[in-house]
Structures are given as C-alpha cells and as structure tokens.
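Undergrad: What follows is a single structure, and I will ask about it in a moment.
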Amino acid sequence: MKPSPFEYVRPRDLAEALAAIAQDPDDSKILAGGQSLIPMMNFRLARPARLVDVNRVPGLAGLAADGDRVRVGTLTRHHAMERTPLPGPLGDLLRRAAAHVGHLPIRTRGTFGGSIAHCDAASEWCLVARLLDAEMTVRSQARGTRVIPAADFFQAVFTTAMAPDEILTSIALPALDEHYRTGIAEFARRAGDFAIVAATAAVRVEDGLVTEARICLGGVAEVPLRSAAAERVLLGARWSPELVTAAAEAAAADCDPPGDAHGDPAYRRDLVRALIPRALGLDVRR
Amino acid sequence: MTGAEPPTWTGRALPRLEDPAIVRGWGRYVGDIAARDQSCLHARFVRSAVAAGRLISVTAPPGVTLFTAADLAEVKPIRAVLNRPDFVAVDTPILATGMVRFVGEPVGLVIAASEAEAEDALELVDVEIEPLPAVVSAEQALAPGAPLVHAVDYPGDPNTVVDGRIHTEGFDAAFARADRIVEIQVSSARQSAMPLEARAAHAAYDRASGRSTLHVTTQMPHLIRTGIAHSLGLREDDLRVVAPDVGGGFGAKMALAREDVALVWASRRLRRAIAWLETREENFLAAWHSREQVYDITGAFTADGELLALRGDLVCDVGAYSCYPVTWGVEPLMAMAELPGAYRVREYSVRSRAIVTNKCPIAPYRGVSRPVQVLAMERLFDVAAAELGLDRVAIRARNLITQFPHRSPSGLVLDEASHLETLRAATERADLADFRDRQERARAQGRYLGLGIACFAERTGYGTPAFAARSRPIQLGREPAPLITPGYERAVLTMDPSGALTLRIGASPHGQGLRTTLAQLVCDELGLEPGAVRVIASDTDATPYGWGSFASRAMVIAGGASLLAARELAARLRVLAAARLGGLPDDIELAGGQAVRAGEETGVSLATLARDTYLNAHLIPDKGEPALEAVGRYDPSGTFANACHVAEVEVDPLTGQVSVTRFLVAEDAGRLINPAIVDGQIHGGVAQGVANALYEELIYDERGVLVTTSLMDYLPPTIAEMPGIDIVHLDTRSAESITGAKGVGEGGTIGAPAAIANAVSDALAPFGVGVFHLPATPHRVRTAVRTGADIRRTEKGTAS
Amino acid sequence: MSSAIPLRLYVNGDRYEIAVEPRRTLADALREDCGLTGTHLGCEHGVCGACTVLVDGQPVRSCLMFAVQAEDTSVRTVEGLAPDEERLHPVQQAFWENHGLQCGFCTPGFLVLIAGYLEEHPDAEEAELREVLSSNLCRCTGYQNILTSTMCAARAMRGEP
C-alpha cells in the first residue's frame, strides 16, 4: 500500500503549473485534494510518473458571483462548500451536497474541481455540475482557455473531455432564483460512503406550475445521468407530490443501471424511485 | 452480597491502568517497533492471483531478494490435525509448492530495504500458474465429479474433511410424536474479524546467542513459539515470541500464520531483522475468514410449543487449509456440540461437516459458530411460534433450561445460569406491549418497526478437561510432532524487595484490560492498591507457558490462576507477619500495605517483610525460601455465561435500509470484576453482531477471486450505524469459576445477529417475508419486499 | 527510484529536518522519520481514520497526504495533545475515565479528530459530534463509550461540571 515512485513538482502559480504539466502530459497528474488520487496510488492502481501539486497555486479557490452565475474555483475544499454563505436555492444545494461528501477529514482536503475532474459517476459534485449544466473552464499552455459544458465534459468512468495537458480552473454554476426547489438524496450503505444511487433535483415552480425541471442521477450510468424522462413528466405540469412520484417512476423505468455487489439493476431502479422524491423534500415511504 | 462487606477493588469500574500511555500515543504495536528499527528490512509476500492451479514457477530478475518454497525445503509444513476418524489432515506448506489453493495464498517472499521498495520488488516477480478448475462453494465441492481441493483420501464424501454426527437413542420416536414439524434453513455469509491492526511481525536475530526474537501481533505467543519452533526445527529456547500492544484480535490472531514462520526463517537466513506489516488488502485476502455456514434445521414441536427433538444438517465452508492450533474442525464441531444452546433439547440428531473450497482458510472469529447456531434456534422459535399461534416469549420460556447442572444431548454439562430470568429481564425492559402499540401506529403511517429476541448460552473459560473431551488432542505436524491439548493457565506472582508486585501470566491480552482486572483481583487479596501490581504478559521469556487469550477464557482461567497465586502469597505474608507480631497467621489482616494483628492498630509493612525476606534471609522465621513468590494454576472445566438480547429496528421498505434503533442486553456473566470493562466487551461484541447481521460480507466471484478487498467494499459500521446499547446485569455464581466471573468476550456477537434477524423479520411481516440469510443487506431486504420471497442463501454465497 | 529530498516539518511545535522520497505519506514520515508512532495506519486508503492528524488545525487523513505537501504547515499528532507529561488533554482524560478505548489502535485517530473539532467548536452538540465521530472506525468499543467520552470532554472543555 505504498505508491510507486514519482517526481513531485509544486508550481507557485498557474503558468508554472501549466508549464509543468505540458512537459509530460501523459505521465503527469494534477494533485489537488488527493482524496481520490492518493488511495488509487496507494493501491498502485494509479502510478503517475510526476505529480503537479497545485495546492499552493494562488487564485484557484473560492466562490464568486459572476453576473447571473456563480464561479467556483477548482481548489475550493468540500469543507468550504459546506459552509458557503451563498444564499438561495443554489447555496442550499451546495451545502447539502457537500455534507454528503465523505467525512470531515476528507472534506478538509478534497476539492470541488478535483472531484469533477476525477469523474466518478457517484460523485456529488459531478451530479451537481451536470444537473445545473455547469461550464468547466480549463486551461493549457498550448491552447489557452476553453469552456466545456457539462453535457460534453463527463464522458465515461474517470474520463472527461479534458486533454492531459489541461487544468480545470473554475466551474460556473447558474444562480437560481427563489422559485427553484433544489435538493439531493443519496443511498449509501454507511454514513459517508460513496452512494449506490444518488439523485439531485432543481425544479422551478412558479404559480404552481413547473417551469423548469432538472433531475440528475448518480450510480445508474457511467457518468451522471440527466433523466430526460423525469424532466418531461415534470415540465409544464402542476406541482404535487403525485407529480414527483410519477417523475420518479418515469426516471426508474427509463434508466438502465449496472449491477454489482451493492445492488442489481432492479434494486438501483428501486432506489431511483425512492430517492427522487426525497431529493425534493418529500418523505415518501410506500 | 450485602452492604456490610468491606470495599474491594474487585467490582469497581476502575479506569484502566493500560490507558494513560495509550491515549498519549505511547502504545507500542508491532508496526511501531518496525518504524523505530531503522535498520530492519521489510518483507512482502507474493500471492497467488488464481484460486486453484499448478504452480509452475516464481521468478524475479537479479537484484530482487526472493525466496520461494524451494528455499524453504527444510522447513516443515504446518499440519493441524484432530484425532478423529472423520478428520482429513493435510499439510499447509509455509510457501505454496506444487499447487495453489486460494487467491492470496503465499507463493514467495520478497525482502527489501523499505516497505515501498518491497512493493516495487513485488511488481517485478513473475508468477506462472496453470489454472485449474476451482470449487468456490460447499455446493460445488460436494457435487459429483467436483475437483478435489486436496488430492487425498476422503473417508466419506469428496472435499469433506470433518463429518461429525450425533443421533440420540430416542430421537426417532420423539420426532414421530410431534404435532408440528418446522423446517428452516439459515445461513451466514463469510466474514472477517478485521482487527483494526492487520497482521504484523518483526523478526530479529541475535548473532551472539543465535536466538531469534519475534514481535508479533498475536493472542497466543507461547503456542506461536511452539508452532514456529517445530516448523523450523528449533529448540523453543532459540525463539522468543513477544506480543506487544495488540490492535485487536477477535480470534483472527489465534492462528499461526505461514507468513510468521517464513519471516523467522528469512531473518535467520539473512541474519537480519525483517518486518512484515500486512496491508489491509492482504488482511482481507489471506488473514483468515469465518462463518460461511448453512444450517438446515428441523424442530419437532408439540402443539403447545415444546421442542421434542431437534435435527440439524450443518455445513461449514472452511476454505483451503486447516488452521493451527484449532484446525478446520473448529466451526462444525462447535456447532454440533452447542447448537441446542440455552434450550432443553432431549433428542438430537445432527450431522456437521467441514467442506474444503478454494478460498481463504477459516479460523475462529468472536463467537465462532455460535452466532449462526443462535440464529438457527431463534429463527426456529419465531417461525414455530407463528405456525403454532403461540407467543414468542412464551415458546422460549417453555423450552429454556431451568434445571442445573444440565446435560446437553452432546454431553456438555451446563452449570448454573439464568436463562428464564434474563429473558424476563430483557423483555420487561423492552416493554413488548408498548412496542406493539408503537409498531401498529407506525405501520399506519407507512413505517415498519420490528422487534426481535435472542437467548443464548455462551460456553466460556474451559480448560484442559473440555479440550480433551471435545476435540481430543490436536496434533501439531507429522509424527513425531507433539500432541497438544490446550486449557490451563498459570500465574506467577512475585513481591520484590521493595514490596512491589509482579504478576506474570500465560494469557495474552489484546485490548481487554486484563492488566487492570487481574490487578484488581490480586490487590484485594493482599490489601494493596491496583497500581502496586505490574502485570507482565505476552513475552515467552518472561511469562509461564500458557495458552493465551481466546474463547472468553482469560478472566475465568488466568483470573482464577492469579487469584490462587495471590491467596498463596497472602498466606505466606501472614506467616511472616505472625512471626513478628505474635498470634496465628489467621489473625493477621492485610490492608493498606500493612500486615496487622486483628484488633491492633499497628503492624508491619509488607515492604518490610519483603525486604527482610530477600535481604536479611537469616531473619526468615521458618527457614523458608528467601523469596516471595507464588504460583497459581487454574484449569476449570468451563462455565456458561448466558444472555438475552432484544433488538428494535426500523426498515425502510423502499430502499431496504435497516436501522437498529434500540438494543437491550440482559447478561449474566456472574461476578463483574470491572463492570466498565464488561460493558465495553458487550458494546463491542454487539457492534460486531450488528455488522454480521447487516453490513459485513466477504464476496468471491465465480472464479474464486475475492472482490471485497478494501474498506469501501467490506463495511464495518461507523457510529452512525450503531444503536445505543442498554445493559442489565444478572449475577449467577457457579462453582466452576473461583473468581465468580464468567467469560463475556463473545456474547455480544453471539446474540445480536439473531435478535436483529428476528426484528427485521418482524418488521417485514406485513410483506410476508422473513430473514434467513445474513447479512440482511438493503439490496436483499428491498428485493424481498418487492418479490415477496424470503431472504435466503443462493449458491455461490449470494442471496436473493 | 526517485531519491529523497530534504524536508522541514513542524510537528507538535518541534522542527524536524528530514529527507523523504516524494511518495512518502505524511503518516509514514511522522512514524518513521520523526519517530512519532502514535499515529497509526489501519487501512492506508482513507477509510479507517486511525492516521488522522491535524494540519494547520484541520483534521486530515495522513495516509492521504504526502509528507512533502506538509512543508511549512503546522502538524499536530496524538503526542502533541497533552500539555505535558503530568496532565492529559481533556479528550484524553475523558477517554481514560469513560473506558473509551480497548485495544487502543484506533484511539489516536479519534482523540486527534475530537480534540481538533472541540477546540474549534466547543459548543458542538451530540448529533453534530456523532457525525464527526462517524469519520473513523473502531472495532472494539461499539462507539458507545467513545460517544460518552466525547460528550464528557466537550463539557470539560466548556468548563462545565
């Protein structure tokens, strides 16, 4: 359980970091919080020849308003997200999602951007990013800055649209007005474990009608899955618990989840059915 | 007990003497010894990645220090044998030779300057194995034409290495007389004891003396020394075995590791200190599994719920090798002997088998077979109560043993216990009527609560007579290897010239606080404070031969031996004091570090008596020894603790999540030497029972590859999964324990799985399904709710 | 093989000049290079929490951080909790008095986790503390006395009886 040898580089600013990774992009890895990468290195499932530690690069952490969006710096720790004073439905969602990430000593190190770049299908931040159609800003020395929408960003298990020489620098989330209902519900075997299935929701309800519907599921596909079926049921309909149940049914019927030791596809569909209402604050039992 | 007795240290919840150092981080575990030995080398084992195959070669490029079976040609294999006609014996080579039989089996040993470099070297080793068909379940092993895990003669069915039977004379008649036959199958998944400290060893070699010193995380240092010395052909004196602080054992550290033998060998070969610190992944792969058992149980009942006869077909999947010292008979033979448990079973017919498979070998884990035995009996009574329309407390009360001593159908003699009283205490505290109200109200709201009961007898503190009767001697290796029959404990109590006490014991604590409890017992006899007693354990150079700490025995047996030693030393001090103070020894009281003649104010200090005994021997009145030393030996036949557990759960039918919301234990462990430590044992035992019931499961795939090799897959509960535990103590004394204490180390784990299985079944009653396989994972519970089918084992260990 | 690089660590107020390979975790550096073996390793993949230490006051898994990353930070381990050899930290005292440990292997991680949290959140209530405690695994105690010890330490640190 000791990592393979590697070269360690600790750039002082983003330019140095981009230069460092540009030298040998295929065998280098960015080290942010390290809470997913280092376990994989301890198991020798990951064995980068060189680690570029961006933890001391200034300007990469924190939340800032940016017009009608909120820009989250890639190095923002989960623990900071958990305590963000950001108001409104977006702030609620971020705080609640952060509380689901691992345990306190993981949240003090792990980062928002690191989690998104790692691209685990059950990761809370990947779900939130896909739910809200976040825009990922990535940079490389060779090609400068580009922006990748969430729909394109998450490609497969541990695989994103980023090139090996790119660094994720910030994530833009839409500010949500007060008509949104947001939430997250997860099912994990133990407190703090990775979710078997997770559901996130952002539904805008005005005058009793759903004017926008976003449902995103984790643990049912290789990457976070927006449930078009559930969103179709919700959009334009009159808000009610029964509507949410119907949306959950549609989501469960529409998805094609994998099976493993923690649950077969039928069980995961059952969890989808149970969790979507709970993500929207409904205490559905039967 | 009356309030008039003088205050004693025994019986107090004394904070442990062990703890101040540990909470400061000054504990010393094997890994700490390795970390502080800057010059030691580090070992890693090369392990088989396939479940069954022919080992062709294990090779490494130049520059890698690699040892294989060929290098260890002179080392004798481990051979743990019971002298029973149905027992099939095999050798466990220290490193695999010829064949590999489970994923994780050691096939080579690499040595390097650091752990990281040893892992680098490990990656350079090339292992060539020709895979062969593997048997990965007992069903497969017993199927016609199944591959043989070991190519030996099986006296009965293939791959069957223990096949025990009991059939009482009146069984058939009693069975025929029954009003109702109730048949169930219960089963348990494979589990790991998973001490937080994985296995670890540090072997050093002293050129001057030719001796090796092995620091190893074990529960039985003397027996480890006996085993390693035998394998390596050493005199026992050539090897010192020390268990420093041990980070949990739970039975998994009472077996001799092949790795430890190899490590001592390599250390002697290289004339260097070498450490082996097992990784968590290796610990799951190769450090003993347990409890993969399937019981088919039939109860023959009268209409009013009397159990006339009990039939069982018990199958234990014991993996690929026989563990030393307890052998692969440990699970089936305990299950056969103790299945009736707390219940009066007059007629009994049982077959109990150990089946070998291409999986990690089993060793004892807290409770051994009893969690499954109790699961079987307690599910049987709940199912019978439902079928017969009887109350589930009443049916238990009707069948619990109330007359003592009680002879079980397997010949065990159960001493004084309080089965009915613990059932009453637990169910009164649980308030069943109130629970039924809450359950009904909750159901009306779509919430599903359940309550479950489990009663059990826990055989503890058994010495040589029990081992001799139960298993006959254990043979360690091929002839002329010694036969061994564990049991007794000895304690050597010495008062030094300053009046300080040293107690040397053969038992070997690993977190139970034995240093504190023994000090409490001893100091009461001598009128001293516990801090005056230093307990020395777990070092073969410094302690009398003993069998270690396992099977809930240390407090009963080592405690008894220590008490006897203390009484003998106290008697000697009274003789010495009487010679000085006048009067008879019986008139001398020992208190406050003084020996005082009854009725007088002043006397002589024990320190003065000690000083003069050693330093002015001419003053010894009776020309006795110039030493203050007493040896206690205790070797009881065993005493049964007993308890009733009540679990309350809430089940979320949509996700299958089970929350244990309340847990009650009515426990009778006799006299409590240190109530805080007793409660701590119960708390921890229940936590492992909750884990067994709901969370933990070692899963092999169809090729025999273990897939649960991290703590993200194998799931010990956190505090968030644990209920509060409420304990009621009863105190039944037995003549079989001179301290009055009964063992309490395993009980929590023994009762909790059954109580929880019954509670979940109670909660799921509206869905018409019950729990017959553990763990009852959310996936299984939800699937049962959805399909209306009970939670049962399916072949390959997965359950529907 | 990559070679060792010099590194300065500040642990429990002491300065350690050591040389480590970049792949050396903080846990291993503390144990092997600083001789502070109170920090234990139970899983080396970030689940068990036995290796928990405070880095700049924040609890971290020291098996999931490289020693080189701790340069110029302030690290606190179980050995640094007690003010001196006579007195214990209130959390240590509470664990001792309430039988909050058995084998003691997980104990340093729990002590550091709780001490760090209570020093920052002296008014934390039971539910919040249970959530913090769920970060670490104990195999011996069933957590009951760990919770009791933690509540007792919290009261002591608030100066309550």
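The values are calculated or read from the model by the stated rules, or taken from the named source; none is laboratory data. These numbers come from a predicted model, not from an experiment. Cβ coordinates were reconstructed from backbone atoms using ideal geometry, including for glycine residues, and neighbour counts include every protein chain displayed. Heads up: the accessible areas ignore ligands, DNA and RNA and are worked out on the full protein's heavy atoms, side chains in. Shrake-Rupley method; radii C 1.70, N 1.55, O 1.52, S 1.80 Å.
Undergrad: Using a 1.4 Å probe on the protein heavy atoms only, what accessible surface does B:I181 show? Give it in Å² to the nearest 10.
TA: 70 Å²
Undergrad: Ok, one more. Tell me, what is a quarter of the convex hull surface for the C-alpha atoms of chain A, in nm² with one decimal? Write out the running numbers ahead of the final one.
TA: Numbers: hull surface 58.9 nm².
Mean projected area of the Cα convex hull: 14.7 nm².
Undergrad: Once every DSSP H run of n ≥ 4 in chain B is given -39500 (n - 2.57) and the sum is divided by its residues, what mean residue ellipticity at 222 nm do you get, rounded to the nearest 500 deg cm²/dmol?
TA: -8500 deg cm²/dmol
Undergrad: Of the DSSP beta bridges with both residues in chain C, give the percent that are antiparallel, rounding to the nearest 5.
TA: Details: 14 of 16 bridges.
In chain C, approximately 90 percent of DSSP beta bridges are antiparallel ones.
Undergrad: Here's something else I'd like to know. Enter the accessible area per residue of the stretch B:273-374 (Å², integer; probe 1.4 Å; all protein chains in place). Let's see the in-between values first.
TA: Values: 1360 Å² over 102 residues.
In whole numbers, the stretch B:273-374 has 13 Å² accessible per residue.
Undergrad: Considering Cα pairs under 8 angstrom that are at least six residues apart, work out the relative contact order of chain B and quote it in whole percent.
TA: Details: 2069 pairs, mean separation 125.6, N = 800.
Once normalised by length, the contact order is 16 percent.
Undergrad: Same structure, new question: Placing +1 at every Lys and Arg Cβ and -1 at every Asp and Glu Cβ, with all other atoms neutral, what dipole size does chain B have around its Cα centre, in debye to the nearest 20? Walk me through the numbers on the way to the answer.
TA: Working: 78 positive and 97 negative charges, 122 e Å.
Dipole magnitude for chain B comes out near 580 debye.
Undergrad: Right, something else. Note down the magnitude of the dipole of the protein assembly as shown about its Cα centre, charges +1 on Lys and Arg C-beta and -1 on Asp and Glu C-beta and zero elsewhere, to the nearest 20 debye. Intermediate results must be reported in sequence, preceding the final value.
TA: Details: 124 positive and 155 negative charges, 206 e Å.
That gives a dipole near 980 debye.
Undergrad: So what is the calculated 222 nm ellipticity per residue for chain A, using -39500 (n - 2.57) for each DSSP H run with n of 4 or more, over all residues, to the nearest 500 deg cm²/dmol?
TA: Details: 11 runs with 92 residues, N = 286.
Calculated at 222 nm, the ellipticity per residue is -9000 deg cm²/dmol.
Undergrad: If amide hydrogens are placed 1.01 Å from N in the peptide plane, which non-local residues have theirs closer than 5 Å to the one on B:L774?
TA: B:S187, B:S188, B:A189
Undergrad: Further question on the same structure: Could you run the numbers on buried accessible area between C and B, total for both chains, 1.4 angstrom probe, in Å² to the nearest 100?
TA: Values: alone 8630 and 28760 Å², together 33080 Å².
Summed over both sides, the interface buries about 4300 Å².
Undergrad: If you don't mind, there's one more thing I want to ask. Quick one: divide the alpha-carbon radius of gyration of chain B by 2.2 N^0.38 Å and tell me what you get. Could the numbers behind the result be given before it?
TA: Numbers: Rg = 27.3 Å, N = 800, 2.2 N^0.38 = 27.9 Å.
So the Cα radius of gyration is 0.98 times the expected 2.2 N^0.38 Å.
Undergrad: Oh, and also: To the nearest 10 square angstrom, what accessible area does A:T145 show with a 1.4 Å probe?
TA: 80 Å²
Undergrad: Using alpha-carbon positions, what is the distance between the centroids of the stretch B:640-693 and the stretch C:86-161, in Å?
TA: Using only Cα atoms to place each centre, the spacing works out to 22 Å.
Undergrad: Tilt of helix C:144-157 relative to the longest C-alpha principal axis of chain C, in degrees (0 to 90, nearest 10)?
TA: The two axes meet at around 90 degrees.
Undergrad: Then there's this: Note the buried accessible area between A and B here, summed over both chains, with a 1.4 Å probe, in Å² to the nearest 100.
TA: Working: alone 13220 and 28760 Å², together 39240 Å².
Counting protein atoms only, the buried area is about 2700 Å².
Undergrad: Same structure again: Normalised radius of gyration for the stretch B:616-766, please: alpha carbon Rg relative to 2.2 N^0.38 Å, two decimal places. Working shown, then result.
TA: Values: Rg = 22.8 Å, N = 151, 2.2 N^0.38 = 14.8 Å.
Scaled against compact globular proteins, the figure is 1.54.
Undergrad: Using a Gaussian network model on chain A with a 10 Å cutoff between Cα atoms, which of A:G102, A:G259, A:G183 fluctuates the most?
TA: Highest fluctuation among the options: A:G259.
Undergrad: Per residue of the stretch C:46-58, what does 6.51 cos²θ - 1.76 cosθ + 1.60 with θ = phi - 60° give for ³J(HN,Hα)? Whole Hz please, x for Gly and Pro, Karplus curve as stated.
TA: x, 9, 7, x, 4, 8, 4, 10, 9, 10, 6, x, 9
Undergrad: In the stretch A:7-53, if the dipole is taken from +1 on Lys/Arg beta carbons and -1 on Asp/Glu beta carbons about the Cα centre, which of A:V52, A:S28, A:N42 is farthest to the positive end?
TA: The Cα lying farthest towards the positive end belongs to A:N42.
Undergrad: Using amide H atoms built in the peptide plane, which far-off residues or other-chain residues are under 5 Å from A:R226 H to H?
TA: Amide H neighbours of A:R226, under 5 Å, 5+ apart: A:L217.
Undergrad: Could you work out the helix-only [θ] at 222 nm for chain C, with each DSSP H run of four or more residues adding -39,500 (n - 2.57) and the total divided by the number of residues, to the nearest 500 deg cm²/dmol?
TA: Numbers: 4 runs with 44 residues, N = 161.
Per the formula, -8500 deg cm²/dmol.
Undergrad: Next question, about the same structure. Distance in nm between label sites at B:A70 and B:R429, each 7 Å beyond Cα in the beta-carbon direction?
TA: Calculated label separation equals 6.3 nm.
Undergrad: Also: Answer rounded, prolate or oblate for the stretch B:6-121, using the Cα gyration tensor with square roots of eigenvalues a ≥ b ≥ c: rounded when a/c is under 1.5, else prolate when a/b is larger than b/c, else oblate.
TA: Values: a/c = 3.40, a/b = 1.47, b/c = 2.32.
Verdict is oblate for the stretch B:6-121.
Undergrad: Send over the per residue convex hull volume for the protein assembly as shown, Cα only, as a whole number of Å³. The partial results should precede the final answer.
TA: Numbers: hull volume 228.6 nm³, N = 1247.
It comes to 183 Å³ per residue, whole-number rounded.
Undergrad: Mean separation of Cα pairs under 8 Å and 6+ residues apart, divided by the residue count of the stretch B:505-572: what relative contact order is that in percent? All intermediate terms of the calculation are to be shown ahead of the outcome.
TA: Details: 79 pairs, mean separation 31.5, N = 68.
It rounds to 46 percent for the stretch B:505-572.
Undergrad: Further question on the same structure: Filter chain A for me: DSSP H helices, axial length by Cα at least 27 angstrom, mean Kyte-Doolittle hydropathy not below 0.5. List them by residue number. Let's see the in-between values first.
TA: Working: long enough: none.
For chain A, where a helix must reach 27 Å along its axis and average at least 0.5, there are no hits.
Undergrad: On to the next question. If R₀ is 60 angstrom, what is the calculated FRET efficiency for the pair A:R56 and B:D731, using the beta carbon separation as r and rounding to 0.05?
TA: On the way: r = 63 Å, r/R0 = 1.04.
Approximately 0.45, to the nearest 0.05.
Undergrad: Moving to a separate point now. Roughly how many percent of the accessible protein surface of the stretch A:63-174 is carbon and sulfur, given a 1.4 Å probe and a whole-percent answer? Spell out each step's value before the answer.
TA: Values: 1970 of 3820 Å².
Of all accessible area on the stretch A:63-174, carbon and sulfur atoms account for 52 percent.
Undergrad: Using a cut-off of 15 Å between beta-carbons, work out the net charge of the residues near C:E128 (Lys and Arg +1, Asp and Glu -1, C:E128 not included). Walk me through the numbers on the way to the answer.
TA: On the way: positive: A:R83, A:R95, A:R107, C:R130, C:R155, C:R158; negative: A:E82, C:E119, C:E120, C:D123, C:E125, C:E126, C:E131.
Here the charged neighbours net out to -1.
Undergrad: Moving on to the next point. Looking at the calculated P(r) for the stretch B:331-490, what percent of the C-alpha pair distances fall above 21 Å?
TA: Cα-Cα pairs of the stretch B:331-490 separated by over 21 Å account for 59 percent.
Undergrad: Could you list which residues have their amide H under 5 Å from that of A:W239, counting only those 5 or more apart in sequence or on another chain, with H placed in the peptide plane?
TA: Residues meeting the criterion, in which the H sits 1.01 Å from N, are A:L209, A:V210.
Undergrad: Moving on to the next point. DSSP loop (so not H, G, I, E, B), at most 16 other Cβ within 10 Å: list which GluC sites (Glu not before Pro) in the stretch B:643-710 pass both filters. Before the final figure, lay out each step's value.
TA: Numbers: sites: B:E648, B:E650, B:E667, B:E696, B:E697, B:E702; in loops: B:E696, B:E697, B:E702.
Counting only loop positions with at most 16 other Cβ atoms within 10 Å, the GluC sites (Glu not before Pro) in the stretch B:643-710 are B:E702.
Undergrad: Please grab the % of Cα pairs in the stretch A:139-286 that end up more than 21 Å from each other. Each step should come with its number before you reach the end.
TA: Numbers: 5372 of 10878 pairs.
Pairs farther apart than 21 Å: 49 percent.
Undergrad: Shifting gears a bit: Quick check on chain B: of the DSSP beta bridges with both residues there, what percent are antiparallel, nearest 5%? All intermediate terms of the calculation are to be shown ahead of the outcome.
TA: Details: 109 of 140 bridges.
Once the DSSP bridges in chain B are tallied, antiparallel ones form about 80 percent.
Undergrad: So, with +1 on the Cβ of K and R and -1 on the Cβ of D and E, and no other charges, what is the size of the charge dipole of the stretch C:90-157 about its Cα centre, to the nearest 20 debye?
TA: Values: 3 positive and 8 negative charges, 72 e Å.
Its charge dipole is roughly 340 debye.
Undergrad: Specify the residue with the greatest mean-square fluctuation among A:G219, A:G88, A:G33, computed from a Gaussian network of chain A linking alpha-carbon atoms under 10 Å apart.
TA: It is A:G88.
Undergrad: How large, in percent, is the carbon and sulfur part of the accessible surface of the stretch C:1-82 at a probe radius of 1.4 Å? Could the numbers behind the result be given before it?
TA: Numbers: 1050 of 2370 Å².
Percent of accessible area from carbon and sulfur atoms in the stretch C:1-82: 44.
Undergrad: Once the principal axes of the Cα atoms of the stretch B:488-634 are found, what is the range along each, listed largest first in whole angstroms?
TA: That works out to 47, 29, 22 Å along the principal axes.
Undergrad: Here is a further query. Out of all DSSP beta bridges in the protein assembly as shown, what portion is antiparallel? Express it as a percent rounded to 5. Don't skip to the answer; put the middle values down first.
TA: Details: 167 of 207 bridges.
Approximately 80 percent, going by the DSSP bridge assignments.
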